[in-house]
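Notes follow once the structure below has been shown.
Quick note: the coordinates plus some simple rules give every number you see, no bench work behind them. Treat the numbers as computed from the prediction; the structure is a model and nothing was measured. Here the Cβ positions follow ideal geometry from the backbone for every residue, glycine too, while neighbour counts run over all protein chains shown.
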Amino acid sequence: MEKLYEQICAAVREAGTIVLQATAEGKNVREKTSRHDLVTAYDARVQRFLQERLLALLPEAGFLGEEDGGRLESASAWRFIVDPIDGTMNFIRTLRRSCISVGLAQGERMEFGAVYDPYHDELFTAVRGAGAFLNGAPIHVSDCDMAHALVYIGSSPYYPDCIPQTFALAQKLTETCSDIRRSGSAALELCDVACGRVEAYFEYRLSPWDYAAGSLIVTEAGGKISALNGEALRFDQKCSVAAANALCHAPLLQMAEQAQQQTSQN
Ligand code: IPD
Ligand code: CA
């Protein structure tokens, strides 16, 4: 398997060069489901590249990608779960905060994850049971408590029904922790939790390609990740995500429950 994982990393890094070489004219930005949900020609191009390269490495695997053309119905237990460009809005606006995310699942269990930030040449990886790494060096979540935590909030931009709970929880966190941030790439937010740059991250609705690879990177780095109601993450449907170091996960879930009660009373 080690050779396969190395080959996946090589493909992910190569996909990063496609992102770095993108030109404004070539982006061809269009709305996908709404004015909040944009897509570029590069999202499709990177996905096509990865689909071809990854399935050549493991032909029996299924392929679930954010852009059209996925093979979700594959009978195989092995499945690639791919976000060709996570942080598309950042990419369009040249904020240099986007990444390529590739997870490899066997059934409902993530076995391998790679998240590559081409702008900083940072490759986060994790192999189930073998740890998490940044450019090959082991990483670990922080041991900071919630009172001193820096927390990423995700705004679930494609789902207006998530706005009340999101901002109720954001308010609780702002009152409780050190400060909050919003970065615009769920996969990189998970990697920042994993390497201890921030303590926690939540978002009320994400798709499996946003968190598949990052979820393994968080747990292999000693962190915890679940849905905001504490249930296990699902990789076959959209899900909320609560990721944190070992100290901050339970307080985050508690605050989410309070935020939920508060918004359902209103
Ligand atoms: C989005 C980003 C963003 C998050 C959205 C995601 P995309 O992914 O991860 O940070 O708030 O919910 O859908 O559309 O840029 O791949
Ligand atoms: Ca995404």
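Sorted from longest to shortest, the spans of the Cα atoms of the chain along the three principal axes equal 50, 41, 36 Å. For every other residue with a beta carbon closer than 13 angstrom to the beta carbon of PRO160, add +1 if it is Lys or Arg and -1 if Asp or Glu, then tell me the sum. Around PRO160, the charge tally is 0. Helical content alone sets the calculated 222 nm signal of the chain at -11500 deg cm²/dmol, taking -39,500 (n - 2.57) per DSSP H segment of four or more residues and averaging over every residue.
When peptides 24-33, 155-164, 106-115 are sorted by average Cβ neighbour count within 10 Å, with the highest value leading, the order is 106-115, 155-164, 24-33. Applying the Karplus relation 6.51 cos²θ - 1.76 cosθ + 1.60 with θ = phi - 60° to the range 79-95 yields 3J(HN,Hα) values of 8, 7, 10, 10, 10, x, 9, 8, x, 5, 4, 4, 4, 4, 8, 6, 7 Hz, where x marks Gly and Pro. Spin-label model, VAL29 to GLN7: label points 7 Å out along the Cα-to-beta-carbon direction sit 3.8 nm apart. By DSSP, what percent of the beta bridges with both residues in the chain are antiparallel, rounded to the nearest 5? Percent antiparallel among DSSP bridges in the chain is about 80. Computed over the alpha carbons of the range 1-139, Rg followed by Dmax gives 14.8, 44 Å. If the cut-off is a Cα-Cα distance under 12 Å, which aspartates and glutamates reach LYS27, setting aside same-chain residues fewer than 8 apart in sequence? Output for LYS27: ASP43. The HN-Hα couplings worked out from phi for the range 2-7 by the Karplus form 6.51 cos²θ - 1.76 cosθ + 1.60 (θ = phi - 60°) are 4, 5, 4, 5, 4, 5 Hz, whole numbers, x standing for Gly and Pro. Could you work out the relative contact order of the range 20-155, using alpha carbon pairs under 8 angstrom and six or more residues apart, expressed as a whole percent? Reported as a whole number, the value is 13 percent. The mean sequence distance of close C-alpha pairs (under 8 Å, at least 6 residues apart), as a share of the length of the range 19-59, puts its relative contact order at 30 percent.
The lysines within cross-link reach of LYS224, meaning a Cα-to-Cα straight distance under 22 Å and a gap of 8 or more places when in the same chain, are LYS172, LYS238.
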